[in-house]
Amino acid sequence: MNKTVRTRFAPSPTGYLHIGGLRTALYAYLFAKKNGGKFVLRIEDTDQERYVDGSVEIIYRTLKESGLIYDEGPDVGGDYGPYVQSERKEMYLEYAKELVKRGGAYYCFCSKERLEEIHANGATKYDKHCLSLSQEEIDRRIANGEPYVIRQNIPESGETTYHDMVFGDITVDYKDLEDNILIKSDGMPTYNFANVIDDHLMGINYVIRGTEYLSSTPKYNHLYQSFGWEIPNYIHLQPIMKDATRKLSKRHGDASYEDFVKKGYLSEAIMNYIALLGWSPKNDREKFSLKEMEEMFSIEGLSKSASIFDETKMRWLNSLYVKEMTPEAYLEYATPFFDKVEYLKGYDYKLLATLLQGRTEVFSDVGPLTEFITKFEGFDLTAFENKKWKTDCALAKQMIPELITLVKNGFDTLHDGLVAFAEEKGYKKGQVLWIFRIAITGSQVTPGGATEMAELFGKDECIRRMTESLSRL
């Protein structure tokens, strides 16, 4: 590649940053870094009706937290600013007027009523009615203050072909393309116009975006050609699907990056997983850091098929990252999640972290993993319906009073005491530890063994719980 590679991520500030959008940003970032290029952030806020306050800050925060550090952007500057479309408004109008002179666009004064009428009569696209207006009429109507838009002038026949780096050559008939509006009646540009102007002026030579733009790209290429500009390279990405028939959708409330962070997913795991939604490294690895992705990324690994978002797999991947954390890092990350669980207040967080780290897939699991603490009701007799449990239940009734005495007199050496107790009474060690754990937790599944649970509760609470269990047998 002779020229410096320049990619961009150009989100609209219409709410949270959707997973699909973040994946586009990730691939644009990785392609730029793999090729020693620049990654640019541009805010496309021309759709003022859908603008949501605070969205721009979410975009900045998400990209920085996820490690996608952009080389140029609204808040970091650069040589090609401003990087916010609404701040470039006057420039678009000037380019649109230039395009009219070149024959690539024209003024359109059609009313909303006329447009509705031609569509009601079966038209599927605009009929070029205003293309035939004389310059004198155009000047007169503008001077009279008539509202107008500027439309692109697409050829009425023929076809055009362009190359996509994932899908190869794409051919589209001009008759399938409409004369889209480039400048709206309020003077703001549409996405179809502004993205071309900005990509050219910012030197973007690799455009990475979703396959929904495959059929529209010839319209953009026609703009480049009308201006005599070089057409960029294209990399189109298949969508991320919710299931076999539905796409993940911001409008339908599907999760964002920040939603997953709030659930307790680690940023590294989120980025690792979304990288796999449409890209496969040559060595079939599934776990890698952002730095490793920069080295491994290739266009050849991009899929021509859509990917289905599988949160179960992302949970599994997140669990690998959680297990690799130092105990100190796990405790620091888990503490806010412990704080949200009312019944955990007063417990030793450091000990809880030790017990839970190996069992945590996402940090919001700390609630379900510790529910036994608050749901304790002594021995659950319904759990002992088969013969083995009935035997243990009967054994528990005879054993628990002695275990209470054991705890009262030797809590500090509990494990050794329980082992000695089993030997002395002729019980199996596992049998004693099993009944003791059930007696103090009321649960067959706990994040630690018998003595770990005892350490968590403390001496007095263990005695109280065993006494409660005994009363239910």
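The values are calculated or read from the model by the stated rules, or taken from the named source; none is laboratory data. In this text, all values refer to a predicted model and were calculated from it rather than measured experimentally. No Cβ is skipped: glycine too gets one built from the backbone with ideal geometry, and neighbour counts run over all protein chains shown. Each accessible area value is taken on the protein alone, full model and side chains, heavy atoms only, with ligands, DNA and RNA left out. Shrake-Rupley method; radii C 1.70, N 1.55, O 1.52, S 1.80 Å.
For Trp229, Trp279, the ranking by accessible surface with the largest value first comes to Trp229, Trp279, using a 1.4 Å probe. For Phe436, the accessible surface of its heavy atoms amounts to roughly 0 Å² (probe 1.4 Å, protein chains only, rounded to the nearest 10). With a cut-off of 14 Å on the backbone N, the residues of the range 440-458 near the modelled label site 7 Å out from Lys375 along Cα-Cβ are 441-447. Prolate is the label for the range 176-271, because the ratio a/c of its alpha-carbon gyration tensor axes (a ≥ b ≥ c) is 1.5 or higher and a/b is greater than b/c. Relative contact order of the chain: 13 percent, from C-alpha pairs under 8 Å at least 6 residues apart in sequence. May I ask which of Lys323/Lys408; Lys38/Lys291; Lys33/Lys304; Lys101/Lys125; Lys262/Lys350; Lys128/Lys219 have a Cα-Cα span longer than 25 Å here? Violating the 25 Å limit, Cα to Cα: Lys323/Lys408. Length gained on full extension, Leu320 to Ile69, computed as 0.36 nm times the residue gap minus the Cα-Cα distance: 87.9 nm. For Gln48, project a label point 7 Å along Cα to C-beta. Then give me every residue of the range 148-168 with its amide nitrogen under 19 Å of that point. Backbone N within reach: 148-150. Here's the picture: a label point sits 7 Å out from the Cα of Ala306 along the beta-carbon direction, and within the range 266-283 the residues with their amide nitrogen under 17 Å of it are 277-279. Restricting attention to the chain, close to 55% of DSSP beta bridges with both partner residues there are antiparallel. Put simply, the amide H of Asp45, placed in the peptide plane, has neighbours under 5 Å in Gln85, Ser86, leaving out anything fewer than 5 places away on its chain. The range 190-256 and the range 9-44 have Cα centres separated by 12 Å. Between Glu461 and Lys350, the distance separating the two model label sites (each 7 Å from Cα on the Cα→Cβ line) works out to 1.7 nm.
Taking 0.692 mPa s as the viscosity and 37 °C as the temperature, the Stokes-Einstein diffusion coefficient of the chain based on its alpha-carbon Kirkwood radius rounds to 121 µm²/s. Label separation (Glu137 vs Lys89): 3.0 nm, computed from points 7 Å beyond Cα along the C-beta direction. Taking one equal scatterer on every alpha-carbon of the range 291-374, how large is log10 of I(q)/I(0) by Debye at q = 0.13, 0.17 1/Å? Normalising to I(0) and taking log10 leaves -0.54, -0.75. In this structure Leu473 has an accessible area near 40 Å², from a 1.4 Å probe over the protein heavy atoms. Relative contact order, whole percent, for the range 1-91 stands at 33, derived from Cα pairs under 8 Å and 6 or more residues apart.
What does the extension gain come out to for Glu258 and Arg102, with contour length at 0.36 nm per residue minus their alpha carbon separation?
51.6 nm is the gain from fully extending Glu258 to Arg102.
When shorter helices are ignored and each DSSP H run of at least 4 residues is given -39500 (n - 2.57), the per-residue value for the chain at 222 nm works out to -13500 deg cm²/dmol. Solvent-accessible surface of the chain, averaged per residue with a 1.4 angstrom probe and all protein chains in place: 48 square angstrom. A 1.4 Å probe over all protein chains sorts Tyr51, Tyr148, Tyr330 by accessible area into Tyr51, Tyr148, Tyr330, starting with the largest.
If the chain linking Met165 and Ala329 were pulled fully straight, counting 0.36 nm for each residue of separation and taking away their Cα-Cα distance, it would gain 54.9 nm.
Taking every C-alpha pair closer than 8 Å and separated by at least 6 residues, the mean separation divided by the residue count of the range 23-170 gives a relative contact order of 19 percent.
Inter-label distance, Ala420 to Lys282: 6.4 nm, where each label sits 7 Å from its Cα along the C-beta direction. Ligands, DNA and RNA aside, Thr405 has an accessible area near 70 Å² when probed at 1.4 Å. Near Lys247, the amide H atoms lying under 5 Å from its own belong to Lys242; only residues 5 or more places off or on other chains count, and H is placed 1.01 Å from N.
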